[in-house]
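> My questions will all concern the structure given below.
No value in this document is a laboratory result; all are computed from the given coordinates. These figures come from a predicted structure and were not determined experimentally. As a convention, Cβ positions derive from the backbone with ideal geometry for all residues, glycine included, and neighbour counts pool all protein chains shown.
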Amino acid sequence: QVQLVESGGGLVQAGGSLRLSCAASGSIFGINAMGWYRQAPGKQRELVARITSADSTNFADAVKGRFTISRNNAKNTVYLQMDKLKPEDTAVYYCNAEHPLGGYWGQGTQVTVSS
């Protein structure tokens, strides 16, 4: 079992920045990759950014050049730095861990970008 706890969401004006954090605990040694997904009202959940255990990263086209994903292994934490935020970035952001036992999700954190 892996537990994920997100933090850092909130309300920000367009053009601003936020940093999301996802702290993992439990059977973390089997985690192959971690990622951030988001789901806006009436839309499907979509991948925002992902980082593998080898530090390979990939991003959704909509956030390339604006968002950065990183991790601190000592703290078992993954971060999503979001810059130049746009109103269309408004969504609930979820942390995900890919593990041989299955995929794990955090509870989600709301990000709201006002125009």
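> So if each residue of separation counts as 0.36 nm, and I subtract the Cα-Cα distance between residue 60 and residue 84, what length gain in nm does that give?
Residue separation times 0.36 nm, minus the Cα-Cα distance, leaves 7.1 nm.
> Ok, one more. Between residue 101 and residue 74, take the C-beta separation as r, use R0 = 25 Å, and let me know the FRET efficiency to the nearest 0.05.
Efficiency computed from Cβ-Cβ geometry: 0.60.
> Right, next: Normalise the Debye intensity by I(0) for region 35-112, one equal point scatterer per Cα, no solvent, then take log10 at q = 0.22, 0.25 Å⁻¹ and round to two decimals.
Log10 of I(q)/I(0), two decimals: -1.10, -1.38.
> Please list, by residue number, every one of the trypsin sites (Lys or Arg not before Pro) in region 23-96 that is coil in DSSP and has at most 11 other beta-carbon atoms within 10 Å.
Counting only loop positions with at most 11 other Cβ atoms within 10 Å, the trypsin sites (Lys or Arg not before Pro) in region 23-96 are 43, 64.
> Given +1 on the Cβ of Lys and Arg, -1 on the Cβ of Asp and Glu, and no further charges, what dipole in debye does the chain carry about its Cα centre, rounded to the nearest 20?
The dipole magnitude comes to about 120 debye.
> Pull out the extension gain between residue 52 and residue 32, defined as 0.36 nm times the separation in residues minus the alpha carbon to alpha carbon distance; nm, one decimal.
Extending this stretch completely gives an extra 6.6 nm.
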